[in-house]
Structure formats: C-alpha cells, structure tokens
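Engineer: First the structure, then my questions, so here it is.
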Amino acid sequence: MSDASVPDLPGSDGRPLLDVAELRTTFHTAVGPLVAVDGVGWSLRRGARLGVVGESGSGKSVMSRSIMRLLPKSRVTSTGSVSFDGIDMMSLGRRELLEMWGPQLAMVFQDPLGSLNPVMKIGKQVGEGLRVHRDLSARAARSAAFDLLEEVGIPEPHRRIDEYPHQLSGGMRQRIVIAIALACSPRLLIADEPTTALDVTVQAQILDLLEAQRAERNMSLVLITHDLGIVAGRTDEIIVMYAGRIVERAPTATLFSDMRMPYTEALFRSIPKVSDDSHARLEIIGGQPPQMTDLPSGCKFAPRCKYAQDLCYAEEPALIEVPAPTRSRSAITGDGTGGSDGGGGEPDVTHSYRCFYPVGTDDAAEALERNIASGRVNEAGVVIRADD
Amino acid sequence: MAGSGNAHLRPDALLSARDLVVEFPAAGGRTVYAVSGVSLDLAEGETLGLVGESGCGKSTTGRAILQLPRPTSGTVQLAGQELTELDEDAIREVRPRLQMIYQDPISSLNPRRRVRDIVAEPLFIALENVSRRTAMAVWQERIGELLQSLLRRAAAPLRIVGRLASVAFVLWILSETVEDRAAEGWLGWTQVPAAIIGFPTLALLLLAGAIALLGGLIWVLLAVMLPFGLMSRQFGEVSSAVGLAGVVVTTGASAFMLWRTWSSFGGWAKWLNSGGLILLTAVLAVWLVLSLAKPERAGASGVATTLSAMVVLQVFYVAGLDGGIKLAVLVASAVVDALLFRWVLRRYRVNRDAERERAEPRVREVLEYVGINPDDAMDRRPWEFSGGQAQRLSIARALVSVPQVIICDEPVSSLDVSVQAQILNLLEDLKNLMGLTLIFIAHDLAVVKNVSDRVAVMYLGKLCEVSEPDAMFDAPAHPYTELLLAAIPQPDPEAELGSGRIGGELPSPMDPPSGCRFRTRCPHAAQRCADEEPEMREIAPGRFVACHTPLVGETAPVRVEMASASRDES
C-alpha cells in the first residue's frame, strides 16, 4: 500500500494495519456450497474507521468472523489472505489466535446478553482478558476493570462491578461488552451491529462511546450495520456489500454525495428521514435478497435493480476504481492489490463500484427510461417484473 | 413530564383510553409503576404514533388497551363499549375487532402450524364464540372459568402448590382406600365415597406443606443449574422452571404412591378389585367426554393425552386377568381403542376441515393484500419465511377479522431498513384501502413520523407531548422530544451528531422522580419541576404538552432563563 507516511495519523508507519485480499468463505450446506463472502479485499490504516453496510445475508458478519477466524472448522472453508500488521491471520493456530484476540483484535457483537456470561460477575468478566494476557493478579485486574467501567460510562462502578449481567439494562450491557473488548487495548475493534438491539437514544450514546474510545486509543474501527444513517457521520470510508461481494467502496462523504451503485442508492432511499413530511412514500427495493445457494448469473443485484439491462443479466460487472471527486482524505488505502498507488504525499482516494449503469450517469437515466417503457419498472422506480 | 390531565382528548374518538394505570408487583413487595395515568384517543382512520425509549411503558399501554393484562385502573372505550368491565367471554368477542402486530414476527407465529391455519385463527375464535355453543361446552367452560378465576386470584407459587396437592391428594386417597380395605378383601362400591369423605383434612395440609418445600428446593436447584439465559430472561422462563419442577415433583409423588400400593398388595389382581382404580377410570371418562364435546377448545394434544391415559388404565386391567379371558379382553379393548381413536380424530379433523374450507377465500384474500402469493404460502410454515415476509403474515393475521383498531408494537424494529420500508409502505396502503385505525408503537422517531397522523411521546409511564407530526418535528415542544430527535442517526455525513447532549439512563420505574418524571435528564429542569407535576395543556392549536417550560409557544425561552436565574439566586 502507500508507503508515504501520514503525519496526521499518529502511530501510522504507512503500512495498513489490516489487509484483506481475495477473502472467500464457503459454507458447505446440504444443498451445495454457499459462498457467503466472495473475493472481498480492502485494507485499513491505523486509527481509521471503516463502515460495512448491507442487508441481512449480505455476508458482512461472516466476513468479520472470517477475519477474526471465529468460524467453526467443520463445513466452512475460508481462503484468501488476511494480514494483520504483517501477521498472516489465516495460518495461525488456535493458541496463536488466543494471543491475538484481545490485545490485537477484539469484537463487539449485536446481542450483549448473548456475549456475556450470566453467572459471572461483571468485574470478573471485564478483568478476565487482563489476567490472561497481562498476567495481572486478581486484585490488579479488579482495579483495572473498575477503571474500564468508569471509562465506558457505567454509573456507580463500585456497585456494578459485583453485579451480574441480567441486573443491567441493554445499553449498560453493551457498555460492558465494549469494556471487555477494550480491556487489552486492541489495535482493531470490529463492532458487528453493536446498536441494532438498542433504542435510538442508547444507540447514540454507544456510538459516541465507541468513537471517543477509538480516538483516545488510536484504535482502528470496523463498524458493521444495515443502517446507512449510523455510519454516515462516524466513518472515514464505507463498504457496501451485496450477496457476499463489495458492490461499492468510497470515502464516506463521496459515498453520500456521489453514490454510483444502484443498490446503495436504493438502500439510502428506503430510510425514513425526519426531514421528510409524514406519510411520505418510501422508495422500496423490490423483490427479495438473492438465494445464496442459487445466485443469478451476471450482476447479483440485477433482478431488483431499476436500471438493469440485458448486459447486467449476462455479465457480472467488475469492481471499477475511479478517483474520488472530493479532496477529502481517506485513511484507508486501495484494494489491497499491491503497493502501486501513490508514492507522494496524499494517499490515493478512490471510489469503486460494480455497475455498468452507475447512478447519476446518462446511461443510467436512459436505462431507467427503457425499463419504465417496457413495463419492468413502475413510475415510482420499483421493479415490478423481477424475472427478465 | 406528567401526562396527567386530559386536555388532549377529543369527544368523537373511536377508541379512548383514560387515565390508564398499570402496576406490576416486584420482588421485595415493591411496585413497578409501568404506566401512570396515560390518556389516549384515536379517531377513526387515524394512525397514532406512540414513541419513547424501552421501558417507558409504551408497549404496556398498548397491551392495556387490549386488556392483556387488564390495566390496574382507568377506562378503555372502543366505539362506546367499555372494555375494562367485560368478562373473559365478552373480551374474546371484542378481540377480533382489536388486533395486534408484534415486534418479532418469527416468534409471534407458531412454528408448527401452517400459514393457512395461523392466518385463519382469529376467524375460528370469532366463529367459535358466536355459533359453537353446546350446552355441555358452556358448562365445561363455566367450570373452567370458575377454576381459572379462583386460581388467578392466588399468587403463582400458591397455585402450583394447589395443583400438585390436588394430584397427590387423589393418589393418596386411592392408596389409602386400597390399603384400608385390603384386609377385608373386596372393596365395596359403597365404601369408596365414605373413604374419600372421611379422609382427614389435616393430611392434605401436611402434604401441601411438604410438597411446597420440595418444590421450592427443586426450583432453587434448577435456577442454579440451568444454563445461560434462563435466570435473566423474564418471567416466562422462571415459570417454566417452576412448571418443570412441578412435573418432577408430581412424577416423583405418583411413582412413590404406586410403589407403596403395589408393594403392600403384591400383585395386580388386588389393584383390579380396588375400586379406586375404577373411580379414576370414571374421572378420566368424564374428562374425555368433556374434551370431545369441544375438541377445538381442548386441542388435539388434550384429547390425545386423555386417550393415552385411558389406554394405560386398560393395560392395568388386562394385566390382572388370567388365561384365555386375558387374551379376549386384550383384543376387545384394542378394537374399542382403535374405533375410538378413529372417531375422535375424524371428528376433530372434520371440524377443522370445514372451518378451513370456509376460511380459505378470506385467508387468500388477506395474503394477497399483504403481498404474499397464497398458492406458494398457504401450506408452508412461518420459519420458511424471511423476517419481512413473516411480518407480512402477522399483518395478514391481524387483518383477517377486519379489525377496527390494530395495535402495532414495534412492527419494524427488528427488520432491515430495506424491508422496513416495504412494511411501512404496506401498512400505509392497507390503511388507505381498508380504512384501518392504527396505534403504532416504536422508538424510532423517523419511522413514527412517516406513518402517523398524530404522535404521542411517552417517558417513564407518562405522556410528554401529543401533536401532529410535522409540527412536532419542526419544533419539538417538550425537551424530551428534542432529545429523541437529536438521537436519530441521519444518513448524511454533514449532519451534526447531536447525540452529545443525550445523557443518562431512564430512571427506575419502581422509584420514579417526583414532579416531572423527566427532570433528572432535562437540561431545563428547575425547582418547580421537582415540586409540581406538569399538566397536559394546549400550547398551540392541536399541540399539547406536559411541561412547565415548553420550548414552543408563549414565551418559552424567557421562562427557561427565569427558571435558571431564580435557581442561581437561591
């Protein structure tokens, strides 16, 4: 990747912290192989924030678990390379992975109750990682746990430290999970839908907490969500996934101002916005997410896409890379395809998408007109005849 | 945040809930004040959005309107009919007009039933109430309800002890009777009632005490031993642990009694003659007849249990016989059983088939309304559908009885944004098509704004603000509404992250703050807010707020300054 040093990112030596290339995860199911993640590649610098967006089943969680090497061994295979600070994650054994989880990479899951041990006191759970990785005594781990609870904003930590997870509210539990993840000061935190089970107010608090801790510890953050609204103000770059593939990748500001992939546009338009009048019609994505064991040939989104033409059904578009139009600086480098980009001061800021008729181009407008004329898409832009 | 006061209610509402109070008993004799005097009304064809954080009582309010459970106090009127005073039967007749859609579509649909039966269920219940009342069924229902109402009054542990005791009581009587009469040989029919009546009440009390002790011990053991999740999830699981303990205790007690009786007689032959067994058979027969009189209510499993019990008894009888007669009785009872089973199953199935046939066109129609192809879906089961489709099925189930009001409890909270949009549009279409009246409960203000004609904001069991959505979202009048608005994630990287202002957690509903309940998190709180509970009042046409210093209308900002100034002085 870019070998230029980036002065405004302390601790960065120019190498990406995490480099994922050609990652492919296959589940061997009774009905045949299911490729949940198909040839995904990206890299992340130290201290950078990446958002991963997609619907349920788009492969975003499987991707994060593949990177963490959390998937079971039987009936699942992962290929490709995952390099964490030069260490090849894919070749690590169980014992070496245990060394990595905690001090190097940590994860926060969607359901806080499911990731906490119900019969272990909170203080012990928070301090457990420190006792294992830092060889702290029980007493030292407890005082470190106390500090961590304070840091993640748990009121009355002296009381909470001896309570059990079921005595806390959902938001507090998620704070505990974050405290556990932060305990050994990981260099990368992957948060997989950390706020989906929570209220909007608590969600805002948790996201603020993650951001504050990330900034303080100069940690890299991968924020996985189905809600574009969550990643909008809180990431440097966003990856949009569909059917196990990256369909668009751009710096956050570029993605929102100049989205190219019809799927991203459709996701964006389906969000109800406070600025809209009440009873405003939401634009929906017609059809169903694809059957992962029986993917369409060509573009996987074509059957639900309002711009889709014959070409889209025949041939799968490649991930095209163009320079991002804004000068906003991304902390993330290119595709992980090699160190060819930019030896100069600014890292290359690129925008990639996988589409023959990118949104906002004349081609797309014409394609949409043709589809409306042929009756495949209705006036509101919703696909009404899915199978062409 | 008071929500006391009914200034926002209208006279011509279709549904009107006044001063709803819902309180739950908590451990240590404390009380959870879940809903404390909420008044809502709903005009025909209107969608009322009910927003607030989890734990604010919005779902409890929705359920209280449905009488699930009944509110502690307050009134609910649907088209002029008072629901809180109706008995269980009458409520069942009202429910087809008042339906509910739940948050989690998968777990609110029975995984073992087919879509056609799930969607048609509200129709069966409606039909059953109107036309299926044989004298026997009514009698059975009355007895059942009497028992139920007695049981409902007792606290949960007492109820379990009662159940266990009654089972153990019957077994004890049988064994005692048999033992007492053993020396005399044959047990006379006339002696059975005397033996039962003569049984000392004291024994029952002792027994109940012992069983309660045993049950308690087992409960504690289970609570310690049962794995993840069980202890912390709510009541349902705890009571299932108690239920499990009940089964263990009952099974143990039965086994003990059987062993005791048998060992004191040394054989099945005496069992046969004991008469107690015949009594038990008679009880089971009555039970069977009652279940058969109304298989819809007893359910297939109820009937099956009864039949199995009969067969077990027959085995006992047959075992006591000798030689050729044994074989003959065995064959005869097998034939009788086969015929009986066949008759029961057919009766059960014929009823179901007739119902199904009558309901089918209606079910197909609503499935089409909600955008599900009935030809594909009718014979599938809920887990074969994705979350969004399953939510469509829930909506179809709610629509099938043509309700006047549907209460939607966070219907899109567990769905992806893209699916959420589909469901919101669907609800909007159905509303225009069928003139539905909805209560839409959610914590996401953007969603609520999209569907609602009127929005009510709740906080800790009280109402904060009731207003038409566009006005409320342009300029929130209550500080809590403002806070909720700031928390919405905006799909715009330029948007200000207003979330920094959101501090603190919802206070415990067991110990709500005095005065205005929001004051502990309110940036504008003054002394007056702690002393005096604000009343709901109209600050602009159609805008009602329960706040001493609303952010809209009159001279709001000045009042805020004055309040903080006076606090500084003091």
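Engineer: Go over the candidates B:Thr84, B:Thr75 one by one and state the one that is within 17 Å of the chain's Cα centre (by Cα), surrounded by fewer than 22 Cβ atoms within 10 Å (Cβ to Cβ), β-branched (Val, Ile, Thr) and more than 27 Å from A:Asp199 (Cα to Cα). Reasoning before the result, please.
Structural biologist: Numbers: B:Thr75 fails: within 17 Å of the chain's Cα centre (by Cα).
None of the other options fit; the residue is B:Thr84.
Engineer: Can you name the condition, by its number, that A:Gly244 falls short on among (1) within 11 Å of chain B (Cβ to nearest Cβ); (2) modelled with pLDDT of 90 or more?
Structural biologist: (1)
Engineer: Let me ask you something else. Could you tell me how many of the residues in segment B:21-41 are touching a helix residue (DSSP H, G or I) at 6+ places or on another chain (Cβ under 9 Å) and either in a loop (DSSP other than H, G, I, E, B) or open to solvent by less than 70 Å² (accessible area, probe 1.4 Å) (or both)?
Structural biologist: Taking segment B:21-41 first, the residues touching a helix residue (DSSP H, G or I) at 6+ places or on another chain (Cβ under 9 Å) are B:21-22, B:24, B:34-35, B:38, B:40.
Next, only the ones that are either in a loop (DSSP other than H, G, I, E, B) or open to solvent by less than 70 Å² (accessible area, probe 1.4 Å) (or both) stay: B:21-22, B:34-35, B:38, B:40.
Number satisfying all stated conditions: 6.
Engineer: Another one. Checking A:Glu216 against (1) more than 10 Å from chain B (Cβ to nearest Cβ); (2) buried (at least 21 other Cβ atoms within 10 Å of the Cβ); (3) within 24 Å of A:Gln110 (Cα to Cα): exactly one of these is not met. Which one?
Structural biologist: Tallying (1) more than 10 Å from chain B (Cβ to nearest Cβ); (2) buried (at least 21 other Cβ atoms within 10 Å of the Cβ); (3) within 24 Å of A:Gln110 (Cα to Cα), A:Glu216 fails exactly one: (2).
Engineer: Consider A:Arg134 carefully, then state whether it is more than 29 Å from A:Arg45 (Cβ to Cβ), in contact (Cβ under 8 Å) with a residue 12 or more places away in the chain and open to solvent by 60 Å² or more (accessible area, probe 1.4 Å).
Structural biologist: Working: more than 29 Å from A:Arg45 (Cβ to Cβ): no; in contact (Cβ under 8 Å) with a residue 12 or more places away in the chain: yes; open to solvent by 60 Å² or more (accessible area, probe 1.4 Å): yes.
No: the conditions fail for A:Arg134.
Engineer: Let me ask something else about it. Could you pull out every one of the helices (runs of 4 or more DSSP H) wholly within segment A:194-307 that has 3 or more residues that are more than 16 Å from A:His351 (Cβ to Cβ)? Working first, answer last.
Structural biologist: Details: elements: A:200-217, A:228-232, A:252-257, A:262-269.
Ranges flagged: A:200-217, A:228-232, A:262-269.
Engineer: Pick out, from segment B:452-554, the helices (runs of 4 or more DSSP H) lying fully within it that include 2 or more residues that are more than 10 Å from chain A (Cβ to nearest Cβ) and touching a His at 6+ places or on another chain (Cβ under 7 Å). Spell out the reasoning first.
Structural biologist: Values: elements: B:469-474, B:479-487, B:527-531.
Per the criteria, B:527-531.
Engineer: Can you tell me which residue is farthest from the chain's Cα centre (by Cα) among those in segment B:42-69 that are surrounded by 17 or more Cβ atoms within 10 Å (Cβ to Cβ) and among the acidic types (Asp, Glu)?
Structural biologist: Initial filter on segment B:42-69 (surrounded by 17 or more Cβ atoms within 10 Å (Cβ to Cβ)): B:42, B:46-67.
Those left that are additionally among the acidic types (Asp, Glu): B:46, B:53.
Details: B:Glu46: 26, B:Glu53: 22 Å.
Looking at the filtered set, the residue picked out is B:Glu46.
Here's the yes/no breakdown for (1) in contact with a strand residue (DSSP E or B) (Cβ under 7 Å, 6 or more places away or on another chain); (2) within 14 Å of chain B (Cβ to nearest Cβ); (3) in contact (Cβ under 8 Å) with a residue 40 or more places away in the chain; (4) not basic (Lys, Arg):
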{"position": "A:Arg24", "(1), (2), (3), (4)": "yes, no, yes, no"}
{"position": "A:Gly51", "(1), (2), (3), (4)": "yes, yes, yes, yes"}
{"position": "A:Glu55", "(1), (2), (3), (4)": "no, yes, yes, yes"}
{"position": "A:Ser61", "(1), (2), (3), (4)": "yes, yes, yes, yes"}
{"position": "A:Arg69", "(1), (2), (3), (4)": "no, no, no, no"}
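Engineer: Out of segment A:93-119, which residues are part of a loop (DSSP other than H, G, I, E, B), away from chain B (no Cβ under 11 Å) and either open to solvent by less than 40 Å² (accessible area, probe 1.4 Å) or more than 26 Å from A:Thr196 (Cα to Cα) (or both)?
Structural biologist: Once the filter is applied, which keeps residues that are part of a loop (DSSP other than H, G, I, E, B), away from chain B (no Cβ under 11 Å) and either open to solvent by less than 40 Å² (accessible area, probe 1.4 Å) or more than 26 Å from A:Thr196 (Cα to Cα) (or both), segment A:93-119 yields A:Gly93, A:Gly102, A:Pro103, A:Pro112.
Engineer: Among the residues of segment A:192-213, what is the count of those that are in contact (Cβ under 8 Å) with a residue 12 or more places away in the chain and within 14 Å of another protein chain (Cβ to nearest Cβ)?
Structural biologist: Filtering segment A:192-213 down to residues in contact (Cβ under 8 Å) with a residue 12 or more places away in the chain leaves A:192-199, A:202-203, A:205-207, A:209-211, A:213.
This time we only want the ones that are within 14 Å of another protein chain (Cβ to nearest Cβ), so: A:193-199, A:202-203, A:205-207, A:209-211.
Adding up the residues that qualify gives 15.
Engineer: Within segment A:223-237, how many residues turn out to be more than 7 Å from every other protein chain (Cβ to nearest Cβ) and surrounded by fewer than 24 Cβ atoms within 10 Å (Cβ to Cβ)? Walk me through how you get there before you give the answer.
Structural biologist: Initial filter on segment A:223-237 (more than 7 Å from every other protein chain (Cβ to nearest Cβ)): A:223-225, A:231, A:234-237.
This time we only want the ones that are surrounded by fewer than 24 Cβ atoms within 10 Å (Cβ to Cβ), so: A:234, A:236.
So the answer is 2.
Engineer: Could you identify the single residue in B:Ala421, B:Ala398, B:Ala390 that is in contact (Cβ under 8 Å) with a residue 60 or more places away in the chain, in contact with a Ser or Thr (Cβ under 9 Å, 6 or more places away or on another chain), open to solvent by less than 10 Å² (accessible area, probe 1.4 Å) and in a helix (DSSP H, G or I)? If you could, list the steps in order and put the result at the bottom.
Structural biologist: Numbers: B:Ala421 fails: in contact (Cβ under 8 Å) with a residue 60 or more places away in the chain; B:Ala398 fails: in contact with a Ser or Thr (Cβ under 9 Å, 6 or more places away or on another chain).
One residue alone meets the criteria, B:Ala390.
Engineer: Out of (1) at the interface with chain B (Cβ under 8 Å from one of its Cβ atoms); (2) at pLDDT below 90; (3) under 23 Å from A:Ile320 (Cα atoms), the odd one out for A:Thr252 is which?
Structural biologist: Going through (1) at the interface with chain B (Cβ under 8 Å from one of its Cβ atoms); (2) at pLDDT below 90; (3) under 23 Å from A:Ile320 (Cα atoms) one by one, A:Thr252 breaks only (2).
Engineer: Which of the following residues is under 15 Å from the mean Cα position of the chain (by Cα), modelled with pLDDT under 90, acidic (Asp, Glu) and in the same structural domain as A:Gly51 (by TED's automatic domain parsing): A:Asp192, A:Asp227, A:Asp199?
Structural biologist: On the way: A:Asp192 fails: modelled with pLDDT under 90; A:Asp199 fails: under 15 Å from the mean Cα position of the chain (by Cα).
From the options A:Asp192, A:Asp227, A:Asp199, the qualifying one is A:Asp227.
Engineer: Can you go through B:Pro105, B:Pro122 and tell me which one is within 14 Å of chain A (Cβ to nearest Cβ) and buried (at least 16 other Cβ atoms within 10 Å of the Cβ)? Step through it out loud before you land on a result.
Structural biologist: Details: B:Pro122 fails: within 14 Å of chain A (Cβ to nearest Cβ).
Answer to the selection: B:Pro105.
Engineer: Which number in (1) in contact (Cβ under 8 Å) with a residue 12 or more places away in the chain; (2) within 24 Å of the chain's Cα centre (by Cα) marks the one condition that A:Glu128 misses?
Structural biologist: So the condition that A:Glu128 fails would be (2).
Engineer: Among B:Glu368, B:Glu357, which is the only one that is in a helix (DSSP H, G or I), modelled with pLDDT of 80 or more and either open to solvent by 30 Å² or more (accessible area, probe 1.4 Å) or touching a His at 6+ places or on another chain (Cβ under 9 Å) (or both)? Talk me through it step by step, then tell me what you get.
Structural biologist: On the way: B:Glu357 fails: modelled with pLDDT of 80 or more.
Of B:Glu368, B:Glu357, the one residue that is in a helix (DSSP H, G or I), modelled with pLDDT of 80 or more and either open to solvent by 30 Å² or more (accessible area, probe 1.4 Å) or touching a His at 6+ places or on another chain (Cβ under 9 Å) (or both) is B:Glu368.
Engineer: Let me confirm something: among A:Ser74, A:Ser43, A:Ser58, A:Ser64, which residue is over 14 Å from A:Thr225 (Cα atoms), open to solvent by less than 10 Å² (accessible area, probe 1.4 Å) and not acidic (Asp, Glu)?
Structural biologist: Result of the check over A:Ser74, A:Ser43, A:Ser58, A:Ser64: A:Ser43.
Engineer: Residue by residue through segment A:140-169, note down the ones that are in contact (Cβ under 8 Å) with a residue 40 or more places away in the chain, part of a helix (DSSP H, G or I) and more than 17 Å from A:Met120 (Cα to Cα). Break it down stepwise before answering.
Structural biologist: Pass one, segment A:140-169, residues in contact (Cβ under 8 Å) with a residue 40 or more places away in the chain: A:151-153, A:161-166, A:168.
Imposing the further condition that a residue be part of a helix (DSSP H, G or I) reduces the set to A:151, A:165-166.
Correct list: A:Glu151 only.
The values are calculated or read from the model by the stated rules, or taken from the named source; none is laboratory data. Not measured: the values here are computed from a predicted model. Please note: Cβ atoms are built from the backbone with ideal geometry, for glycine as well, and neighbour counts cover all protein chains shown. For accessibility, only protein heavy atoms count, side chains too; no ligands or nucleic acids. Shrake-Rupley method; radii C 1.70, N 1.55, O 1.52, S 1.80 Å.
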